[in-house]
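What follows is a short report on a single structure.
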Amino acid sequence: MKTVRKNDFYIIIFIIILALSVLIINKIISSHGITGYEIYYDGRKVAEITKEGRTDIKDPDGEHMLYVEFYEGKVRVTESTCPDKVCEHMGWVEDTGRDIICVPNKVIIKPLGKSKSDIDIFSQ
């Protein structure tokens with residue numbers, strides 16, 4: 001069995017510190033805070049909410065689909081009529097680059113706020 005040399009130990013420590021530094025810097029840059037959110041239904045923007053509180057999202061026929069809560073720069077879905085409840089399980093969204101999507105209800109919730117870029121890695 002090979003023994004770990006002193007230089008190997010320094011290389012491992014350097015890589016760990018570098019990885020942690022990248023994670024911390026990325027978190028600082030991307031956490032500008034959410035100032036509100038936009039609601040899209042079936043690809044069309046139906047609402048923009050900038051006040052804190054709980055909002056009832058309804059379909060064009062007026063039937064309840066989901067409740068969205070906006071509080072202290074974070075947004076989440078608290079209740080949904082869809083069977084899977086994936087949108088509820090996403091929890092609080094604090095970054096402007098993350099959307100909450102409820103596929104069965106055809107709803108997309110896009111957080112508003114300052115972002116470091118309008119281009120994400122998937123838009124190429």
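Among the lysines of segment 36-112, pairs at least eight places apart or on separate chains and with Cα atoms under 12 Å apart come to 5. Couplings 3J(HN,Hα) for segment 13-22, derived from phi with the Karplus relation 6.51 cos²θ - 1.76 cosθ + 1.60 (θ = phi - 60°), are 4, 4, 5, 5, 5, 4, 5, 5, 4, 4 Hz, where x marks Gly and Pro.
Values quoted throughout were computed directly from the atomic coordinates according to the rules given, and no laboratory measurement underlies them. Treat the numbers as computed from the prediction; the structure is a model and nothing was measured.
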